[in-house]
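A.B. asks: Sharing a structure here in structure tokens format.
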Amino acid sequence: MFNDIGPLEVVTLVVLAVLVFGPDKLPKLIQDVSRTIRKIREFSDSAKEDIRSELGPEFKDFEFEDLNPKTFIRKQLDSDELGLKEIRNGFDLKKEMAEVTEAVHTVGELEDSGSASSSASGSAAGSGGSVNMRKGPDMEKRPEKPAADDRPPFDADAT
């Protein structure tokens with residue numbers, strides 16, 4: 001419950017409790033608090049049992065922790081009904097990224113050497129990936145410089 005409280009913080013809380021409530025009333029206060037916590041736990045346990053008995057035998061393995069959305073999603077994804085484990089294990093992100101990086105470097109080297117686009121697409125297809133190496137008209141276009149008196153376009157969504 002209090003996993004993140006260190007020893008120094010516990011000592012500080014005890015000293016503050018002694019200063020606030022006094023050494024005479026502190027033992028009775030601790031008993032009252034522990035009795036109240038015990039009653040709350042008993043009440044919640046009996047409420048859980050009542051709910052389970054009302055739900056019937058088909059919900060005998062129902063856990064209230066499953067109502068937490070994180071727990072519910074984790075439990076559903078861990079079950080192998082959808083075959084997600086096979087997909088997750090079959091997909092190697094590092095391998096895919098290495099192939100893409102290699103294809104990009106190959107394209108860059110071929111463009112630097114001035115090779116034809118047909119030879120570039122042939123070597124990329126041989127490396128296992130099918131990458132379209134043809135330069136389209138949009139790739140060769142250079143952005144025009146605006147005139148000195150032209151204002152840049154205004155984007156109302158960006159401001």
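A.B. asks: If you take just the helices (runs of 4 or more DSSP H) that sit entirely in region 1-112, which of them hold at least 2 residues that are among the aliphatic types (A, V, I, L, M), open to solvent by less than 90 Å² (accessible area, probe 1.4 Å) and free of Cβ contacts under 8 Å to residues at least 40 places away in the same chain?
C.D. replies: 7-55
A.B. asks: Separate question: Give the residue, chosen from Asn68, Asn89, Asn132, that is modelled with pLDDT of 80 or more and among the polar types (S, T, N, Q).
C.D. replies: On inspection, the qualifying residue turns out to be Asn68.
The values are calculated or read from the model by the stated rules, or taken from the named source; none is laboratory data. Only a predicted model underlies this, so the values are computations on that prediction, with no experimental measurement involved. FYI the Cβ positions are ideal-geometry reconstructions off the backbone, even for glycines, and counts take in every protein chain you see. Surface areas here come from the heavy atoms of the whole protein model, side chains and all, with no ligands, DNA or RNA. Shrake-Rupley method; radii C 1.70, N 1.55, O 1.52, S 1.80 Å.
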